[in-house]
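**Q** Quick one: the structure is below, and I'll ask about it shortly.
The values are calculated or read from the model by the stated rules, or taken from the named source; none is laboratory data. All figures in this text were calculated on a predicted structure; none of them were measured in a lab. So basically every Cβ, Gly included, is an ideal-geometry build from the backbone, and we count neighbours across all protein chains shown. Side chains are part of the model used for accessible areas, which takes the heavy atoms of the whole protein and leaves out ligands, DNA and RNA. Shrake-Rupley method; radii C 1.70, N 1.55, O 1.52, S 1.80 Å.
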Amino acid sequence: MRFWLRTEEMALEEMVQRLNAVSKHTDEIMHQDIVPLCAADIQDQLKKRFAYLSGGRGQDGSPVITFPDYPAFSEIPDKEFQNVMTYLTSIPSLQDAGIGFILVIDRRRDKWTSVKASVLRIAASFPANLQLVLVLRPTGFFQRTLSDIAFKFNRDDFKMKVPVIMLSSVPDLHGYIDKSQLTEDLGGTLDYCHSRWLCQRTAIESFALMVKQTAQMLQSFGTELAETELPNDVQSTSSVLCAHTEKKDKAKEDLRLALKEGHSVLESLGELQAEGSEPGVNQDQLDNQATVQRLLAQLNETEAAFDEFWAKHQQKLEQCLQLRHFEQGFREVKAILDAVCQKIATFTDIGNSLAHVEHLLRDLASFEEKSGVSVERARALSLDGEQLIENKHYAVDSIRPKCQELRHLCDQFSAEIVRRRGLLSKSLELHRRLETSLKWCDEGIYLLASQPVDKCQSQDGAEAALQEIEKFLETSAENKIQELNTIYKEYESILNQDLMEHVRKVFQKQASMEEVFHRRQASLKKLAARQTRPVQPVAPRPEALAKSPCPSPGIRRGSENSSSEGGALRRGPYRRAKSEISESRQGRGSAGEEEESLAILRRHVMSELLDTERAYVEELLCVLEGYAAEMDNPLMAHLLSTGLHNKKDVLFGNMEEIYHFHNRIFLRELENYIDCPELVGRCFLERMEDFQIYEKYCQNKPRSESLWRQCSDCPFFQECQRKLDHKLSLDSYLLKPVQRITKYQLLLKEMLKYSKNCEGAEDLQEALSSILGILKAVNDSMHLIAITGYDGNLGDLGKLLMQGSFSVWTDHKRGHTKVKELARFKPMQRHLFLHEKAVLFCKKREENGEGYEKAPSYSYKQSLNMAAVGITENVKGDAKKFEIWYNAREEVYIVQAPTPEIKAAWVNEIRKVLTSQLQACREASQHRALEQSQSLPLPAPTSTSPSRGNSRNLKKLEERKTDPLSLEGYVSSAPLPKPPEKGKGWSKTSHSLEAPEDDGGWSSAEEQVNSSDAEEDGGLGLKKLVPGKYTVVADHEKGGPDALVVRSGDVVELVQQGDEGLWYVRDPTTGKEGWVPASSLSVQLGPSGSAQCLSSSESSPGSAVLSNSSSCSEGGQAPFSDLQG
C-alpha cells in the first residue's frame, strides 16, 4: 500500500510539473508573463485604428508601428492609448522588441499644433524601446512653413532618447524604411488588413488561452483524482471509478476540441515554406504560425502527461475495486462463519434420550450440509485473494492476513464438526444401552403385572409363572447395565450431572426390578414346592413396586422422545397388561394390587402423552427449520415459484407460535407431572387459554391447503423433503396441529378412566370438558368463517353458541293461505347459527374439490333478533321438532333436528338465552316502575274483554304513560272484579291469543299466557290454568278494597285469572286474598304440569318470549308442559 501511494504521488507530481511547464510556456509564447493583455480585452480600442502593427520591419529588423492620420487622436483617453501601446509592443518577439520600435506618425493632413501634441503624447507614454520616430509633417504650405519654424524654435521640447525626424513627403520615408515593409497608404507594398489582423490575433490568443486552461484543468483534475479518498465499499468504489472515467472522457473531449481549434487557426494562417518568407507575407504572420505550432506542441505534451497519469490512476481504482469486492466477500463470509461457529458452539447438548440424540445427530448433519456452502465459499474467496497477491496488488499486506483467517475458520469449523459428531456418537451409544435397560425393566414390570394371582394357587400355575420369571432373568446379561463405575469411566467425556443422575436412576430401577423379581421368584418357589394344603397366593407387595422407580415415563427427562420402535414395543405390552389386569381384577382380593395396576396404566398413559408431545414438538421444529426458514434462504430462492413469494404466513399460519408454546411452556410443565400423572388435568386447566391459538391455525387451514395444492409440485418442497429425509410431504405435517388438539381429549379420557378415585379426577374431568369446548369452538369458527352474504359484522351478534343443519318449515301469518299450507310440506335445508343476540338461517352449499377446498360454504338467508324470538319446545307428531317464532308468532319456523338429543340441546340453549334476556327485562321494568310510581291514575278501560279492542285500549294506556305495574290504573273509575266464590276458583274468562295488529303496542297479561296452539288455530279458546306459585317482582300498595298489598319478593298462589290483566291471588303466609296486576308476578314451577310461560313485562317487538307449550297443527287445546331449567 505504501509503495502504491509513493507511486501515485510520483505520477501526480510528474504530471503537475509537466502541465505547469505547459502553462508557463504558453504564457511565454503569448508574452502573457510580461503584459497580461489580450486582443479580446481591448478589441473596441483596437478597432479605432489610431495605431497598428503592420508587420513591417526596419533595416535592422525593428518592428514598425504606424500612427495613421486620425483626426480625433487628441480625444483618445489616456487609458485606451496606454492599453493599445502596451498591447502592440507585446506582440513582436522579445528579440525583435529588444532592437527597438520604429514609429511612423502620419500627420500630413493635420495641423502643426496637433502634430506637436501627438508627438509629445507618444513620446511620453510609449512603453517600449524606441529606435526611431519618423513624422510625416503637414503638406499644406502654411502648416509646413509653420512646422519648420516651430520645430526649430521648439527643438528642445522634442528632445527624446531617440531622434525624431520630420519628413516632408512619403519618398523621404522610403529612405528610412523599405517600401516592402510599408503599407499601401504609405506608398508601400505590404499587404495589411486591420480587421483580418484583429481576427487572427483574437483567434491565436483564444487558442493560447484554451491551451493554458486545458493544462490547468487537467492539472486540477489530476490533483483531485490523486487526492480522492478511496471508498471502503464496493458500491462507492464503483461509483468513484465511473465518475472519474466520465470526467476523464470529458477532459479528453476538451483536449480534442482544443486540438481541432489549433489546427483550424493554423490553416487560416496559411501554409508557409520551411525557409524564408514569400512576397506579400510579413514577419508577423510567420510569427503567428510559429506561435500556433508551438501551442499545438504544448497541447500534445499536455495530453501525453495526462494519459500517463490516468493509466496509473485507473489501475489504482480497478485494484481498489477488486480489493473492495474481496473485503466485502470476506466480511460476508466471516460473518456467516462466525455465526456458524457461534451456533455450533451452542450445540453443547449431548441429548437426554435416544430419540433426542438421534435428532441432534440429524440436526448436526443438516447443519453441516447447510454450512458447507458457506465453507466452500470461504475457501474460494481465499483462492481469489491469493490470485490478487500473485498479480502484485498494491494491498498485499491487507489481503494475505484475511486469506489466512478464512483458512483458519474453515479448518476450525471442520474440526468442531468432527468433535461434536464424536460426542454425539458416544451419547447415542450410551442412550441405546440405557434404553435397552429401561425396556427390559418395563417388560419385567409388565410380566409381573400380567401374572394372575389366582392361577398361581396351583402347583402347575406357580411352576409356569416361575419358569417365565427365570426365562426373563436369563436375558439380563445382554440387556442390563453391569457396572456403574465402568459406565462412568467409559463415557466420562459426555457425562454431565443430569446424565449421570439419569444413569444412576436407570441402574437403581434395574436393581429394584431385579429385587422384586427375586422376591416373586422366592414366593413362587415356595408355592411350587409345598402344596399340601390350600394356600391363598399373595401378589407382590405394592410397596415393593412403589419403592422401585417409575417406568420409563418417570425416568425420562427434558425433551425425551422414544423412537417409533420403542413406542411400538411399549404399546404392545401396555394393551396386553391392560386386558389381563381387567380379567384378573375380579380374582384379586387386594385393593392395593388393583390400585397398583391402575397406577401402572396411568403411568403408561402419561408416558404416551409425553412421548407423543415430544414427537409433536420435534415435528413442528423440523417443519419450521426445514421448510419455513428455508423460504427465506437466498440459496433456495431460485427453487421458489412466484406463487409462494411472501406467502409463508399463509402456508404455515401461526405454527411458530404453537411450537414456542409447546416447546417452552407446555412440554416442560407436563414433565413436572411424571410422578403424579393423575394430577395432569391441572396442567391443562392452567394453560387452557393458550390453546386458543389453535383456533387461529384452523381458521387459516383452508387458505394454507389451497396454496399447497397450487404449489405442491414446486421443486422447493421436493428439495426440502429430500434434505429432511421425510417420507411424507409437507401437507401431512401441516395437519399435525389439527390432529394434536384432537388427540388430547382421547388421552384425557384414558387418564380419567384410570383415575376416578384419585385426587385429580375432578380436574381431569374439567380439563376434558374444556378441551372438548375448545374443539367445539374451533369447529364452530371454521363454519362461521364460511358464511357469505352477511352484510353486518358477525362479531356484533355475540358469542356463537351452537350451529348445525336442520330441516325448516315456514308458517307466516301474513302470507297467502295456499303458500302457508304448501310450505308445511316442503321443508328447506338450513344451517342455523345460534348467537347470543341473533339466530342466522343459512343455506349450505357444498364446494367441489379435495381436502379443505371441499369444505362447505353458507349463503346467508335471514336472521332473527333473539330479543323478539320465542320457542315452542314440542310439536305434536315428532319428537325431533320444535318451533322458533318471531314477533308474537307473526313468523313461525318449524325446525326438525337430526336427533331428539340435538333438539334438546338447542332448546335448552335457546331457553338460557331467553331467560337471561327476560331477567334483564324484569330488572329494567322494576327500575322504571320505581321511577313512575308517582304518576297520576288513569280511567279504567270501557271494555272488559281482552279482545282486539282491548289491545288498542292497552296501546292507548301505554301512550298515556300508564304504569303497567300499578293496579290503580285499572280500577280508578270502575270497581274491581268480584272475588271468586269459594270452591269455584280457577274459572277464567276467555282471552284472545291472536297477536295484535300493531306490534308496537304494549301488552302484559295477554302475552304472558300466550299459547302457540290457540294462535295456530286462529280462534278464541279457553286455557285451563292449574294452581301455582308466583313471585312478586314489583311492590303494589294502591287499589280498591279488593286489592291485595304485596311487596317485591313475596310468594303468592294464583286463585283466579281475571280480566284486564288482573289476577286474584292468595298470600300463603297471611292467608289474605285480593287482586294484583299479572304483570307484577313472575312464574314459579307449578305443582304438576302447570301451564307456565315467560315473557318480559313490557312485550314489544324487542321483547323476548319463551313459551313452553306444545303445538298442534290440527287445532284444539293442548296443555302447557313444564318449564325446565
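**Q** Take the conditions open to solvent by less than 60 Å² (accessible area, probe 1.4 Å) and at pLDDT 80 or above and apply them to LEU321. Does it pass?
**A** The answer is yes for LEU321.
**Q** Out of all the residues in segment 493-531, which are under 30 Å from ASP460 (Cβ atoms) and β-branched (Val, Ile, Thr)?
**A** Correct list: VAL516 only.
**Q** Moving on. Check GLU492, GLU501 and return the single one that is of a type in the set (D, E, K, R), farther than 30 Å from SER523 by Cα, open to solvent by 10 Å² or more (accessible area, probe 1.4 Å) and in a loop (DSSP other than H, G, I, E, B).
**A** Criteria check complete, one pass: GLU492.
**Q** In segment 260-307, how many are modelled with pLDDT under 75 and under 20 Å from SER62 (Cα atoms)? Show your work before the answer.
**A** Step one: list which residues in segment 260-307 are modelled with pLDDT under 75, which gives 269-285.
Add one more test, that the residue is under 20 Å from SER62 (Cα atoms), and what stays is 276-285.
Going through segment 260-307 one residue at a time, the tally reaches 10.
**Q** Just need a number here: residues in segment 1063-1092 that are open to solvent by less than 10 Å² (accessible area, probe 1.4 Å) and modelled with pLDDT of 80 or more.
**A** Qualifying residue count, segment 1063-1092: 5.
**Q** Could I ask something else about it? Considering only segment 225-241, state which residues are free of Cβ contacts under 8 Å to residues at least 40 places away in the same chain and open to solvent by 80 Å² or more (accessible area, probe 1.4 Å).
**A** GLU227, GLU229, GLN235
**Q** Please note which helices (runs of 4 or more DSSP H) are completely contained in segment 559-664 and include at least 2 residues that are in contact with an Asp or Glu (Cβ under 9 Å, 6 or more places away or on another chain) and at pLDDT 50 or above.
**A** Passing ranges, in order: 591-623.
**Q** Still on this structure, I have one more. On the basis of being open to solvent by 10 Å² or more (accessible area, probe 1.4 Å) and at pLDDT below 90, does GLU759 make the cut?
**A** Here the answer is yes, as GLU759 does meet what is asked.
**Q** Can you confirm whether THR189 is crowded, with 19+ Cβ neighbours inside 10 Å, β-branched (Val, Ile, Thr) and at pLDDT 80 or above?
**A** Judged against the criteria, THR189 is not a match.
**Q** Report every pair of residues separated by at least 6 positions or lying on different chains whose Cβ atoms are under 9 Å apart, first residue within segment 475-502 and free of Cβ contacts under 8 Å to residues at least 24 places away in the same chain and of a type in the set (A, V, I, L, M, F, W, C), second open to solvent by 30 Å² or more (accessible area, probe 1.4 Å) and not in a loop (DSSP other than H, G, I, E, B).
**A** Sorted first by the residue in segment 475-502, then by its partner, the pairs are LEU484/ARG504; LEU484/PHE507; LEU495/TYR488; MET500/TYR488.
**Q** Here's something else I'd like to know. Take the residues in segment 184-238 that are of a type in the set (Asp, Glu) and part of a loop (DSSP other than H, G, I, E, B); name whichever of them is nearest to ASN20 (Cα to Cα).
**A** GLU229
**Q** Right, something else. Scanning for something of a type in the set (Asp, Glu) and within 30 Å of TYR627 (Cβ to Cβ), does segment 384-397 turn up at least one residue?
**A** no
**Q** Let me ask something else. Here are LEU748, LEU734, LEU797, LEU752: which of them is open to solvent by less than 30 Å² (accessible area, probe 1.4 Å), at pLDDT 85 or above and touching a Lys or Arg at 6+ places or on another chain (Cβ under 6 Å)?
**A** Of the residues listed, the single one that is open to solvent by less than 30 Å² (accessible area, probe 1.4 Å), at pLDDT 85 or above and touching a Lys or Arg at 6+ places or on another chain (Cβ under 6 Å) is LEU797.
**Q** While we're looking at this one, here's another question. Write out, first by first residue and then by second, each pair whose Cβ atoms fall under 7 Å of each other, whose residues are 6+ apart or on separate chains, and whose first residue, in segment 883-900, is farther than 16 Å from ARG830 by Cα and at pLDDT below 90 while the second is among the basic types (Lys, Arg) and surrounded by fewer than 22 Cβ atoms within 10 Å (Cβ to Cβ).
**A** These pairs meet every condition: ARG889/LYS813; GLU890/LYS813; GLU890/ARG814.
**Q** May I ask you to say which residue of SER755, SER732 is of a type in the set (S, T, N, Q) and within 30 Å of the chain's Cα centre (by Cα)?
**A** Answer to the check: SER732.
**Q** Is there a residue in segment 181-204 that is among the hydroxyl-bearing types (Ser, Thr, Tyr) and under 60 Å from the mean Cα position of the chain (by Cα)?
**A** no
**Q** Something else about it: Would you mind telling me which numbered condition in (1) open to solvent by 10 Å² or more (accessible area, probe 1.4 Å); (2) modelled with pLDDT of 85 or more; (3) in a helix (DSSP H, G or I); (4) under 25 Å from PRO138 (Cα atoms) GLU80 fails?
**A** (4)
**Q** To continue, here is another question. Residue by residue through segment 504-520, note down the ones that are open to solvent by less than 20 Å² (accessible area, probe 1.4 Å) and either of a type outside the set (S, T, N, Q) or not in a helix (DSSP H, G or I) (or both).
**A** Correct list: VAL506, LYS509, MET513, VAL516, PHE517.
**Q** Checking CYS456 against (1) open to solvent by 20 Å² or more (accessible area, probe 1.4 Å); (2) part of a helix (DSSP H, G or I), which single condition isn't satisfied?
**A** It fails just one condition, (1).
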